[in-house]
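These notes are about the structure you will find just below.
The values are calculated or read from the model by the stated rules, or taken from the named source; none is laboratory data. Source: prediction; values computed, not measured. No Cβ is skipped: glycine too gets one built from the backbone with ideal geometry, and neighbour counts run over all protein chains shown. Calculation scope for accessible area: heavy atoms of the full protein, side chains included, ligands and nucleic acids excluded. Shrake-Rupley method; radii C 1.70, N 1.55, O 1.52, S 1.80 Å.
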Amino acid sequence: MAYSTNSGDIPKIQLESKEDVLFLERQFSDFLLQTLQNNSTLRNSSMTIAQRQEAESLVLDKLQMWTKDIWAMAGHSMSVNGFGYAEAMQEKSRIDPLDETLKSEVEALREEADALLLSVTNKRRTVPKQIERLVDDAVWRESVAAENTTEIEGLEETDTGDLPYIDDRVNGEFEHALRMA
């Protein structure tokens, strides 16, 4: 039976060290051995002691093979300190647990990134309204200034390009609004 580990599957079980895996395997094997010893079928059978011991030995061998198969299949769903199960179990040297200080630093950086993301999201929501209000105010001031201006006869207007002349005060307010954004 083939097992696939696509990226969309359930995340792997994270274990910190090889000793954790060995402990779990030992606990599972001890449970099977205790279950075998408490088995009433073998214990209360009409077999001789030698036959019972041989039957227990055969059942124990089958259980140990079954246990190895179970751990091999479960290994696809486990990660030992960031390594795959098979790679970690073949490793002769001890695999140390993850560095807790680095882990906490990464978590702090993730929290900071989340806070910055929230800040950017908030600014994207509020700054356009602020700019709109400042632009409306600048347009209103220009219209008031234009209404209060008088035209001097005989004075020719100079062409200042494509954009109409805007008071320096308005330009300053516009630049201030851009800096706030």
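See the values below:
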{"item": "Segment 36-91: number of residues that are surrounded by 13 or more Cβ atoms within 10 Å (Cβ to Cβ), assigned to a helix (DSSP H, G or I), in contact (Cβ under 8 Å) with a residue 60 or more places away in the chain and not polar (S, T, N, Q)", "result": "4"}
{"item": "Total residues in segment 167-181, condition open to solvent by less than 60 Å² (accessible area, probe 1.4 Å) and at pLDDT 75 or above", "result": "1"}
{"item": "Only listed residue being of a type in the set (Ser, Thr, Tyr) and modelled with pLDDT of 85 or more, chosen from SER46, SER29, SER40", "result": "SER29"}
{"item": "Sole exception among (1) among the small types (Gly, Ala, Ser); (2) part of a helix (DSSP H, G or I); (3) within 23 Å of GLN14 (Cβ to Cβ) for ALA145, by number", "result": "(3)"}
{"item": "Any hit, segment 104-112, residues being surrounded by 10 or more Cβ atoms within 10 Å (Cβ to Cβ), of a type in the set (Val, Ile, Thr) and modelled with pLDDT under 85", "result": "no"}
